[in-house]
1. Taking helices (runs of 4 or more DSSP H) that do not extend beyond the stretch 395-444, which have at least 2 residues that are over 19 Å from Ala340 (Cβ atoms)?
2. Can you tell me which of (1) under 20 Å from Pro44 (Cβ atoms); (2) within 27 Å of the chain's Cα centre (by Cα) is the one Cys155 doesn't meet?
3. Might you check whether a residue that is farther than 30 Å from Ala248 by Cβ and crowded, with 17+ Cβ neighbours inside 10 Å occurs anywhere in the stretch 349-356?
4. Any residue at all in the stretch 98-107 that is within 26 Å of Ile72 (Cα to Cα), at pLDDT below 95, touching a Lys or Arg at 6+ places or on another chain (Cβ under 7 Å) and within 12 Å of ligand 1 (Cβ to nearest atom)?
5. Does the stretch 47-59 hold any residues that are within 14 Å of ligand 2 (Cβ to nearest atom) and surrounded by fewer than 20 Cβ atoms within 10 Å (Cβ to Cβ), and which are they?
6. For the stretch 119-139: of the residues being within 13 Å of ligand 1 (Cβ to nearest atom) and farther than 16 Å from Asp54 by Cβ, which is surrounded by the most Cβ atoms within 10 Å (Cβ to Cβ)?
7. Is there any pair linking a residue in the stretch 29-43 that is part of a strand (DSSP E or B) to one that is near ligand 2 (Cβ under 9 Å from one of its atoms) and not acidic (Asp, Glu), with Cβ under 6 Å and at least six apart or on different chains, and which?
8. Quick one: is Pro73 within 16 Å of ligand 1 (Cβ to nearest atom) and at pLDDT below 95?
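The values are calculated or read from the model by the stated rules, or taken from the named source; none is laboratory data. Not measured: the values here are computed from a predicted model. Positions of Cβ are backbone-derived with ideal geometry, glycine not excepted, and every protein chain shown enters the neighbour counts.
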Amino acid sequence: MSGGDRNVDSLENKTLFEEAALVMHCLLNAGFSAYMVGGCVRDPLIGRPVYDVDIATSARPEQVVALFQKVIPTGLQHGTVTVVMPQHTYEVTTFRKETAYEGHRRPEEVEFIDDLIEDLRRRDFTINAMAKDVHGHIHDPFGGQADLKQLVIRCVGIAEERFLEDALRMMRGVRFASLLGGVFAKSTWKALCANRKTLSFVAMERVRDELWKLTAGPNPARGWALLVRSGLLAHAKEPLGALASTEAALWQPLLCALGSVDTAEKRIALLLLGHEVDEAEAQRILQALRCSGAQQDAILAVLRADARLAAGGTAALAAAGTHGGAASAWRRPFAETLFAVGEQGLCDALACRRALLGVGAAGEHTAAMQPFLQHGEAWLEDISVRGLRDIALTGGDVLQATKRTAGPWLRQCLESVWLSVALGELVNQQEVLLDYVRKAWNEQ
Ligand code: ATP
Ligand code: MG
């Protein structure tokens, strides 16, 4: 390896903070001031990892552009330039003041300034209004470190004004309270509750982003408890149905169950199940939140799997009344659900139901669901086929064996073969399956 290569190599191995220091030194050497700001100052103080570093500087955007080799003019009029370093990118934003907020959302005008403290003053919460210089010294004019220690969310300045300027801050506040497992300062909470109506000015995409981060975070129950108590979500631009309900007694057990499943999708699915929301209504809520196709699929698959299991389990339970009731009666609806919904949705549904059962919130189908929760994972391990591609038979094989022409029956035939293999009634060998198909499907 040549010396030049080693240089490139070591540059590429620089960590996020080392490269950030390079960016700051470059600004400092040119006579400007530069600080790390926001989450990258806050999160290390609470032992959380940092994934991106934002930098604030006295340099004007065009001066930042001129200083660095590779930049992206992300939001020049708002003062933000993305500096592209070998391994990471950095948003470098000129110190600014915001004035004339429009429609309880973004500022109409920004004014570039030279003063760090003024720049920190425009930030939402004290814990987000700290800056760290290149020597690691923290500038904390609003008591962010003290609030962080006490796990308190407090607006910078007069809370009422800050929420009126930008209604998104209410959702952000709940998200940070949730992140910290903390509480709101009294005046901040009062202002949030008094101004909750202005959430209707916030784009649903932004509400979803905050909701997702809060739900995926370390204390989702805290965030949701605050949402319920404040009634904030009832004022979203579009109705969020059960998710916006404020009936504390209904939420109580659900919030206890929330942390028992991971991922935002599973947790939202758990809340929807707990509120007995059906698939159509769930889809409406998720669309109101502008959830992506993947987010909707993941959540709706849980509801679909759960509904199928409940129906299958109820039928098995009814049959068990006359036949003595072996758990095996639940295996067929279980396998059918696996086929219809897929393994992920099925497993997620089991996890959500189990979590709800654990807090006594499993609803009317508890008895019908019990065998699935007890044996589901073991059954799943026993089932060697996950989809039609896993059976030792193709549509072509079936047509040849039956000498029939293709039609909707073909899929039904393959599905029945799949189910029989899944339930262990047929061995997954081509000759065995062909034999079954010839007998059962020749003349139908
Ligand atoms: P995370 O990246 O974990 O969401 P963060 O604090 O870095 O947390 P960002 O949205 O990246 O949040 O914003 C960076 C900083 O910009 C914040 O820490 C805060 O100081 C400021 N900020 C962001 N959004 C707002 C807002 N709506 N009102 C006031 N200040 C804000
Ligand atoms: Mg950030």
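1. Working: elements: 395-402, 408-422, 430-441.
Once the helices (runs of 4 or more DSSP H) in the stretch 395-444 are filtered for at least 2 residues that are over 19 Å from Ala340 (Cβ atoms), what remains is 395-402, 430-441.
2. (1)
3. So the first thing to find is which residues in the stretch 349-356 are farther than 30 Å from Ala248 by Cβ, and the list is none.
Within the stretch 349-356 (the criterion being farther than 30 Å from Ala248 by Cβ and crowded, with 17+ Cβ neighbours inside 10 Å), the answer is no, since none of the residues qualifies.
4. Yes, because at least one residue in the stretch 98-107 is within 26 Å of Ile72 (Cα to Cα), at pLDDT below 95, touching a Lys or Arg at 6+ places or on another chain (Cβ under 7 Å) and within 12 Å of ligand 1 (Cβ to nearest atom).
5. Looking only at the stretch 47-59, we keep the residues that are within 14 Å of ligand 2 (Cβ to nearest atom), and these are 48-56.
Hits for the stretch 47-59 are Arg48, Pro49, Val50, Tyr51, Asp52, Asp54.
6. Thr126
7. Filtered contacts from the stretch 29-43: Met36/Val53.
8. On the way: within 16 Å of ligand 1 (Cβ to nearest atom): no; at pLDDT below 95: yes.
It is false that Pro73 is within 16 Å of ligand 1 (Cβ to nearest atom) and at pLDDT below 95.
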